[in-house]
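For reference, the structure is listed below as structure tokens.
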Amino acid sequence: MIEIRNIVKQYGDKRVLDDVSTVIDKGKITSFIGPNGAGKSTLLSIVSRLIPKNSGEIIIDGKPLEKWQSNQLAKKLSILKQSNHLNIKLKIRELVSFGRFPYSNGYLTKEDEIYIDEALDYMQLRDIQNMYLDQLSGGQRQRAFIAMVLAQNTDYILLDEPLNNLDIKHSVEIMKMLRNLVDDLGKSIAIVIHDINFASCYSDHIVALKDGKIVDEGGINRIIHKDLLGQIYDMEFSIADVNNMKLCVYY
Amino acid sequence: MVKKKSIWFLAIFSIVLILLFVFWGLNSSNWRYFLSLRIPKVTALVITGVAIAFSTLLFQTLTNNRILTPSLLGLDSLYMLIQTMVIFILGSTSLILINNKINFFISVGLMLIFSSLLFKGLFKRDRSNIMFFLLFGLILGTFFQSLSTFMQMMMDPNEFLHIQDRMFASFNHINTEILIIAFIIILALVLYSIKYFKLWDVLSLGRDHAINLGLDYHKTIRNMVVIVAILVSVSTALVGPITFLGLLVVNLAREFLNTYEHKYLFIGSSLISIVALLGGQLLIERVFNFSTPISVVINLIGGVYFLYLLLKENGA
Ligand SMILES: Nc1ncnc2c1ncn2[C@@H]1O[C@H](COP(=O)(O)OP(=O)(O)OP(=O)(O)O)[C@@H](O)[C@H]1O
Ligand SMILES: [Mg+2]
């Protein structure tokens, strides 16, 4: 379990996160939703030690974030940021191999190669594994980065808008894969996601953020509600029940 | 493996150049004299080449930028300021200027003290902003340059000639003892660094990926900055400033070898650097019989290449 306690983050005078507390539960998909600039990425970056916080505490499996050794934490928790620009020329397979760095320190073993192959297969990149990242489409590149995180094989996986650039088919496939990772392998996943219907259909728990505060959090029935969503996004929603799932209609 | 082949090719090319440099035109009557001149010179060319290639490679990984060189740290400007001040205050006949050994140690010492002051900000945990630190180095470097120029303008023109000598790297008249010391320092740094090559590969993915993969970012960066500072200080005090050589050779190595691995990039860029320096020196000295310092030629070629890189990066 990752406990997020009273996190405050300020840039100058601007409070980007204002006393945020919640948990990322084991064995669940927790989705973070909210409008642009709500502070979702900032929160994920703080949880994954990419940026410092002003105050508050992050506790991962009972141990405060500061107490974790960085290379131990890299076997426990991984993050994929919203945008990923590289300054070097890499092949897909080389990128995915980097995911094994916490275990191999750069000297890949047979076992590492197995994880790399699996991750490539999962993301359907085996055929193009020797292509350079700068020759790929946006969606293929996104899948390569997700494969790197999969190869890292951590208990907690944080993904900031993993569906970026993906077409509907691949989006559905990735959400299903995340579901499998949780249901079959017991992983715990936190994602930031803009498509509320994906959040509604695939998550166990939803946290709704706005202006650096948590407006509400809970199960699907509680959050996918027209009043709450209306309040968060300042627009009209209507919610439909389709095949036992709640879908939002907005336009 | 194309990488390995290219590296073998470069290695053989370097060795041929070294042999040519040492043995060309020797005969039974002049060999003692020529060898005593050429062996130190070739050693100086090789270790400078390695130091410059290595420091630039590290600096580019550190800053995640392919068109920067460690001259941004302001160390070459500081070196020029030290030389100018010595001549300005003590005159061109002063012991510090004439005695290469004293000059070497004073210059290296001051450059390292300056670097450590500059890094103090970076070393504090909460201030890990590299760009801030670079900007600071850049501003101080510019300040040193203006100060040097100011003193040079007030100087006797004859004294100024001595400064001009120091403005461009030169491989003539290198003191053997200094050479041995520089050689040991640079060799030690390279050997010390080998175990970090894989970490630096991860760092070249950028800060966030590196942290995600468990790198102690702060410690790694600190380590690299110290290595760069020592390399630049030693090579500058040894032969003088050669700004563009590093930029040129590291980028050529990236293009030839097409790899991100520091292991290959280090060897490749060092060899290209040796080829460029030795080849250039041979051409200038033995083919054209010019007395132009090689760094003038390298800065010219480097400058043109830099423009090419800028245009290319812009176009992409
Ligand atoms: N480095 C920074 N300096 C100043 N302000 C920042 C910085 N990074 C983020 N912010 C501000 O913090 C706020 C939250 O940003 P964040 O990236 O967390 O939003 P988000 O919820 O992920 O939005 P999006 O859906 O657009 O990705 C924004 O108002 C942004 O302007
Ligand atoms: Mg975001």
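If you take the accessible area of B alone plus A alone and subtract the pair, what total do you get in square angstrom, rounded to 100, with a 1.4 Å probe? Provide the component values of the computation, followed by the final result.
Numbers: alone 15940 and 12460 Å², together 26330 Å².
Chains B and A together bury approximately 2100 Å².
Across the residues of B:212-221, average count of Cβ atoms on other protein chains within 10 Å? Let's see the in-between values first.
Details: counts 20, 11, 16, 5, 3, 3, 1, 1, 0, 0.
Rounded to a whole number, the mean comes out at 6.
How big is the range A:124-163 by Rg and Dmax over its Cα atoms, in Å?
10.9, 32
Return the whole-Å distance between the Cα centroid of the range B:247-316 and the Cα centroid of the range B:56-111.
What the calculation gives is 21 Å, centre to centre.
Taking amide H positions as placed in the peptide plane 1.01 Å from N, state which residues far from A:Ile79 in sequence (5 or more) or on other chains have amide H under 5 Å from it.
A:Leu158
Would you list the membrane-span-like helices of chain B, meaning whole DSSP H runs whose alpha-carbon atoms span at least 27 Å along their axis and whose mean Kyte-Doolittle value is at least 1.0? Kindly include the intermediate steps, with their values, before the conclusion.
Working: long enough: B:2-23 (31 Å, 2.03); B:31-63 (47 Å, 1.12); B:100-123 (33 Å, 1.44); B:130-153 (35 Å, 1.65); B:217-239 (33 Å, 1.41); B:262-282 (29 Å, 1.23); B:294-315 (31 Å, 1.31).
Helices meeting the span and hydropathy rule in chain B are B:2-23, B:31-63, B:100-123, B:130-153, B:217-239, B:262-282, B:294-315.
Per the helix-only calculation at 222 nm, which mean residue ellipticity applies to the protein assembly as shown, given -39500 (n - 2.57) for every DSSP H run of n ≥ 4 and division by its residues, nearest 500 deg cm²/dmol? Each step should come with its number before you reach the end.
On the way: 24 runs with 329 residues, N = 567.
After summing the helix terms and dividing by residue count, I get -18500 deg cm²/dmol.
Once you keep just the Cα pairs under 8 angstrom separated by 6 or more residues, what percentage relative contact order results for chain B? Kindly include the intermediate steps, with their values, before the conclusion.
Working: 354 pairs, mean separation 106.4, N = 316.
Normalised by residue count, the contact order of chain B is 34 percent.
List the extent of the Cα atoms of the range B:200-316 along each of their three principal axes, largest first, rounded to whole Å.
55, 36, 22
Roughly how crowded by other chains is peptide A:92-102, in terms of the mean Cβ count from those chains within 10 Å of each of its Cβ atoms?
Counting Cβ atoms of other protein chains within 10 Å of each residue's Cβ and averaging gives 3.
May I ask you to derive the relative contact order of the range A:199-251, considering only C-alpha pairs under 8 Å and at least 6 residues apart, and to give it as an integer percent? Show your work: numbers first, answer last.
On the way: 69 pairs, mean separation 14.7, N = 53.
Relative contact order, the range A:199-251: 28 percent.
For chain A, go through all pairs of different Cα atoms, get the mean of 1/r, take its inverse, and jot down that Kirkwood value in Å.
Details: mean 1/r = 0.0530 Å⁻¹.
Averaging 1/r across every pair of different Cα atoms and inverting gives 18.9 Å.
What does the structure give for A:147-155 when I average, per residue, the other chain Cβ atoms found within 10 Å of the residue Cβ?
Details: counts 0, 4, 1, 0, 0, 3, 0, 1, 0.
The per-residue average across the peptide is 1.
What number comes out for the charge environment of A:Ile224, summing +1 per Lys or Arg and -1 per Asp or Glu over other residues with Cβ under 15 Å away? Could you put the intermediate results ahead of the total?
Values: positive: A:Arg222, A:Lys226, A:Lys246; negative: A:Asp195, A:Asp204, A:Asp216, A:Glu217, A:Asp227, A:Glu236, A:Asp241.
So the surrounding residues net to -4.
Please report the spacing between the Cα centers of the range A:73-146 and the range A:5-52 in Å, no decimals.
The range A:73-146 and the range A:5-52 have Cα centres separated by 26 Å.
Within the set of other residues whose C-beta is less than 11 Å from the C-beta of A:Ala74, count the net charge using Lys and Arg as +1 and Asp and Glu as -1.
Details: positive: A:Arg49, A:Lys75, A:Lys76, A:Arg100; negative: B:Asp216.
Charge balance near A:Ala74 sits at +3.
Within 10 Å, count the other beta carbons around each residue, average over each peptide in A:82-92, A:143-153, and list them highest first. Display every interim value, and only then the final one.
Details: A:82-92: 16.0, A:143-153: 24.5.
By packing density, highest mean first, the sequence is A:143-153, A:82-92.
Percent of accessible area on the protein assembly as shown owned by carbon and sulfur, 1.4 Å probe? Walk me through the numbers before you get to the answer.
Numbers: 15710 of 26330 Å².
In the protein assembly as shown, the share of accessible area belonging to carbon and sulfur is 60 percent.
So what is the relative contact order for chain A, in percent, with contacts set as C-alpha pairs under 8 Å and at least six apart?
On the way: 458 pairs, mean separation 63.2, N = 251.
The normalised contact order for chain A reaches 25 percent.
In the protein assembly as shown, what is the volume of the convex hull around the alpha carbon atoms, normalised per residue and reported in Å³? Kindly include the intermediate steps, with their values, before the conclusion.
Working: hull volume 100.1 nm³, N = 567.
Convex hull volume per residue, Cα atoms: 177 Å³.
In degrees from 0 to 90, rounded to the nearest 10, what is the angle of the helix A:168-185 Cα long axis to the longest principal axis of chain A?
Its long axis makes an angle of about 80 degrees.
The values are calculated or read from the model by the stated rules, or taken from the named source; none is laboratory data. From a predicted model like this one, the values you see are computed outputs, not experimental measurements. Backbone-built Cβ (ideal geometry, glycine too); neighbour counts: all protein chains shown. Only protein heavy atoms, including side chains, enter the accessible area calculation; ligands, DNA and RNA are left aside. Shrake-Rupley method; radii C 1.70, N 1.55, O 1.52, S 1.80 Å.
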